[in-house]
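Only one structure is covered here, and it is reproduced in the block below.
The values are calculated or read from the model by the stated rules, or taken from the named source; none is laboratory data. The structure displayed is predicted, hence computed values, not measured ones. Positions of Cβ are generated from backbone atoms using ideal geometry, with glycine treated the same way; all protein chains shown enter the neighbour counts. What goes into the accessible areas is simple: the full protein's heavy atoms, side chains included, and nothing from ligands, DNA or RNA. Shrake-Rupley method; radii C 1.70, N 1.55, O 1.52, S 1.80 Å.
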Amino acid sequence: MPPRDITAPSVGGVSTLDAEARIMSLTGGAGAPRKHTAAEVEVHSTPEDLWVIVHGKVYDVTTFVPRHPGGNMIWVKAGGDCTQLFDSYHPLKTQAVLDKYYIGEVQRVKGDEDKIIEYKDDMKKGKFYMDCKVAVERYFKDTKQDPRVHVEMYIKTAVILLGVVVCNYCTFFLTSSFLVSAVFAALHGMWKAEVGVSIQHDANHGAYGKNRGFLHAMQLTLDAVGASSFMWRQQHVVGHHAYTNVEGIDPDIRCAPEKDIRRVNEHQPHEGYHPFQHVYLFFAYGLLSFKSCFADDFNAWASGRIGWVKGAAFTQ
């Protein structure tokens, strides 16, 4: 079956118009829509006053915040350009919902290059990303599966959290033997790492169903093991997944200008010891949690940035 044509009257079962006609319909035929600069939009950056930019258009989604199926994910980049995040996180039919909150267009001005990065439009029929997105949506529809929930996810979550609790108890209270406690301490660290790469990772990407309370609880498992789920979303969701592996922008691959202990892409400077990084990074990454908890999060809070990414305002 060929990919659906998003310029046709139907996308994901939702009636659409071409871009110009849609704008006229949203403005009541009033002609040219109101213009907003990126600086004007970013003032509206709290759950109580939330604007976002998607594909050069500005939306006031404040009234939708309490009903957003992804909970607090809606303000992960409040007041900013959410184009890449919106396209990657939402099914095609969600555009019709977003259109209800349209209030104008972005007016590009000198100096906003670090606020809005434009990619070539790949949300069209025949483009690789669009074809993949359509195929994935069709797969879940045809197999009647929920892309955000699966029973194995809950079983995995229970096992990991039980491992954290049991190993924490055994480390400190089971025995006076230092060796036995050390073994359980190592296992405790392993289970805590599983929280980081599994439970909180999935939750802070918006999985775990549509119950916002349970979703938030799973997001906070990262905070429970010592890191910050808020900072993680800023770095990994806003930075990495919107600009995956883009040198100078993706904060997950940032390295020092020189003499960094790691090199993660061909654009970064090469040092004589990098051929051995597959050996020593195994041990260095064991110290990563200390760096994240006691250095990176505080630096990001003080500077308001995580590399290129400007951090969102703190919220309750």
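Hey, what D do you get for the chain in µm²/s if you plug the Kirkwood alpha-carbon radius into Stokes-Einstein at 37 °C and 0.692 mPa s?
Here the translational diffusion coefficient equals 148 µm²/s.
If you roll a 1.4 Å probe over the heavy atoms of the protein chains, what accessible area per residue do you get for the chain, in Å²? Walk me through the intermediate numbers first.
Values: 18350 Å² over 316 residues.
Normalised by residue count, the accessible surface of the chain is 58 Å².
Starting from the 7 Å offset along Cα-to-Cβ, what nm value, one decimal, do you get for the label separation of Phe298 and Phe64?
Between Phe298 and Phe64, the label points sit 3.9 nm apart.
Out of residues 5 or more away from Thr46 or on other chains, whose amide H comes under 5 Å of its own, with H placed 1.01 Å from N in the peptide plane?
Trp51
Subtract the Cα-Cα distance of Lys120 and Lys291 from 0.36 nm times their separation in residues, and report this length gain in nm to one decimal. List each step's numbers first, then the result.
Numbers: separation 171, 0.36 × 171 = 61.56 nm, distance 3.62 nm.
This chain segment gains 57.9 nm when fully extended.
So between Lys144 and Val166, what do we pick up on full extension, going 0.36 nm a residue minus the alpha carbon distance?
Working: separation 22, 0.36 × 22 = 7.92 nm, distance 3.67 nm.
Going from the current span to full extension adds 4.3 nm.
At 0.36 nm per residue, minus the direct Cα-Cα distance, what do Tyr129 and Cys255 gain on full extension? Give it in nm, one decimal, please.
Values: separation 126, 0.36 × 126 = 45.36 nm, distance 2.86 nm.
Here the answer is 42.5 nm.
Give a residue-ordered list of calculated ³J(HN,Hα) values for segment 149-154 (Karplus: 6.51 cos²θ - 1.76 cosθ + 1.60, θ = phi - 60°; whole Hz; x for Gly, Pro).
9, 7, 4, 4, 4, 6
Between Ser176 and Val246, what FRET efficiency comes out of the Förster formula 1/(1 + (r/R0)^6) with R0 = 41 Å and r the beta carbon distance, rounded to 0.05? Display every interim value, and only then the final one.
Values: r = 52 Å, r/R0 = 1.28.
Efficiency at R0 = 41 Å is approximately 0.20.
Given a cut-off of 24 Å, name the pairs among Lys77/Lys259; Lys57/Lys115; Lys35/Lys133; Lys57/Lys120; Lys120/Lys144; Lys100/Lys144 whose C-alpha atoms lie farther apart than that in the structure shown. Intermediate results must be reported in sequence, preceding the final value.
Details: Lys77/Lys259 32 Å; Lys57/Lys115 14 Å; Lys35/Lys133 31 Å; Lys57/Lys120 16 Å; Lys120/Lys144 33 Å; Lys100/Lys144 28 Å.
Correct reply: Lys77/Lys259; Lys35/Lys133; Lys120/Lys144; Lys100/Lys144.
Starting from the Cα of Lys110, draw a straight line to each of the aspartates and glutamates and keep only those under 15 Å, dropping any in the same chain fewer than 8 residues away.
By straight Cα distance, Lys110 reaches Glu40, Glu118.
Along the Cα→Cβ direction, 7 angstrom out, place labels at Lys210 and His274. What is the inter-label distance in nm?
4.8
Give me the percent of the accessible area of segment 28-107 that comes from carbon and sulfur atoms, probe 1.4 Å, all protein chains in place.
Numbers: 1950 of 3360 Å².
C and S fraction of accessible area: 58 percent.
What's the angle, to the nearest 10 degrees (0 to 90), between helix 178-194's Cα axis and the longest principal axis of the chain?
10
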